[in-house]
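Comments concern the structure below.
The values are calculated or read from the model by the stated rules, or taken from the named source; none is laboratory data. What you see is a predicted model, and the numbers here were worked out from it, not measured in a lab. Note that each Cβ is placed from the backbone with ideal geometry, even for glycine, and that neighbours are counted across all protein chains shown.
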Amino acid sequence: MGPRRAMITPTRGLCLALAVLVAPTAVAQKPAPLETDLRKVIADSKEEIAVALRPLDGRGEVLIDPDGVFHAASTMKVPVMIELFKQAKAGTLTLDDPLPIRNQFHSIVDGSPYTLSDGDDSDKVIYAAAGTTMPLRQLCEAMITVSSNFAANLLIERLGAAAIQKTVDGLGAGGMRVLRGVEDQKAFDKGLNNSTTARGLLTLFDRLAHGTAVDAQSDAAMVEILKRQRFNDGIPAGLPAGTPVAHKTGTITRIHHDAGIVYARRPYVLVVLTRGFADEKASDRVIAELSRLTFSATQH
């Protein structure tokens, strides 16, 4: 007698067929309405834009190209501030320590000296103070609120770029890379630039918002400095008047970013990185529109 064959009764065969028909299949998850709206604005702009949104309650995160690498521009001044407050907490310095104001810095390529021009900077006050001293606290205020490059370079040389990067990495924001100060032309020519991702900045601002970047007291002080930001044509322009925003912008040729904490009824962190806009006013309008859509979606 040959081997017995498995028999499928008509009833069993019907059940198997039905099982195949009703078996669940993988279905691509539809993006949330907010993400769809944001992507449309980005597509219409025809430029490169990354967006990262995280409500502080942890619900409804939206990430669009969160790991795309952009020149950091002045957003890198946020980790410089965090490192300053970290060293103050550790007792290696105090915020009232005086720092000599000297307009001479050193290229990370070969150590050769270079200077900054007040014509290329957004702040003139520190240039006028050359040859004197200023407290670290005042330099930090200028670095953030009016985005002083001179203040940033002074603080980076005082704190150390390697120490700043170590702190960034320790906070889980490795998408942010701080290599050097501003206007190091030799480094720029070799492609040695500060860079960031939307996710990296999202992580830093989320830490600040929750008091876990340095500690609750230090982070609250840093948030207050960020709230005094004087360049408000991006994220704040898309919000109802009077909405508090603790944010930092970054702008160089064809690069324009804004990132911060929006203290709405339901607060959130929003990061918008852009590359390609020839007209800064055009990028301002797009950032403001992305901000407006985000506020509307998160507050209702």
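Residues of the range 208-231 include at least one that is in a helix (DSSP H, G or I) and among the hydroxyl-bearing types (Ser, Thr, Tyr). Taking the criterion of being more than 19 Å from His106 (Cα to Cα) and either free of Cβ contacts under 8 Å to residues at least 40 places away in the same chain or part of a helix (DSSP H, G or I) (or both), the residues of the range 144-167 that qualify are Ile144, Thr145, Lys166, Thr167.
Among the residues of the range 104-120, just one is surrounded by 15 or more Cβ atoms within 10 Å (Cβ to Cβ) and out of contact with any Asp or Glu (no Cβ under 9 Å at 6 or more places or on another chain), namely Asp118.
Give the residues of the range 124-138 that are surrounded by fewer than 22 Cβ atoms within 10 Å (Cβ to Cβ) and closer than 21 Å to Ile82 by Cα, sorted by residue number. Result: Met134, Pro135, Arg137, Gln138. A single entry from Val168, Val125 fulfils the requirement of being under 18 Å from the mean Cα position of the chain (by Cα) and aliphatic (A, V, I, L, M): Val168. For Thr92, state whether it is of a type in the set (Ser, Thr, Tyr), outside any strand (DSSP E or B), at pLDDT 95 or above and buried (at least 24 other Cβ atoms within 10 Å of the Cβ). No: the conditions fail for Thr92.
Quick one: which residue in Ala209, Ala241 is crowded, with 19+ Cβ neighbours inside 10 Å, more than 12 Å from Thr145 (Cα to Cα) and of a type in the set (A, V, I, L, M, F, W, C)? Going through Ala209, Ala241 in turn, the sole match is Ala209. Regarding the range 181-202, can at least one residue be identified that is loosely packed, with under 15 Cβ neighbours inside 10 Å, free of Cβ contacts under 8 Å to residues at least 24 places away in the same chain, assigned to a loop (DSSP other than H, G, I, E, B) and among the small types (Gly, Ala, Ser)? For the range 181-202, residues loosely packed, with under 15 Cβ neighbours inside 10 Å, free of Cβ contacts under 8 Å to residues at least 24 places away in the same chain, assigned to a loop (DSSP other than H, G, I, E, B) and among the small types (Gly, Ala, Ser): present. For Arg292, the conditions (1) crowded, with 23+ Cβ neighbours inside 10 Å; (2) more than 17 Å from the chain's Cα centre (by Cα) are fulfilled apart from (1).
State yes or no: is Ser74 assigned to a loop (DSSP other than H, G, I, E, B) and closer than 19 Å to His247 by Cα? Taking the combined requirement at face value, the residue does not satisfy it. Can you tell me which of (1) touching a strand residue (DSSP E or B) at 6+ places or on another chain (Cβ under 6 Å); (2) buried (at least 19 other Cβ atoms within 10 Å of the Cβ) is the one Phe231 doesn't meet? Looking at each condition in turn, Phe231 falls short on (2).
I'm trying to understand the selection: among the residues of the range 119-132, which are at pLDDT below 85 and within 19 Å of Ile144 (Cβ to Cβ)?
Scanning the range 119-132 gives Asp120, Asp121, Ser122.
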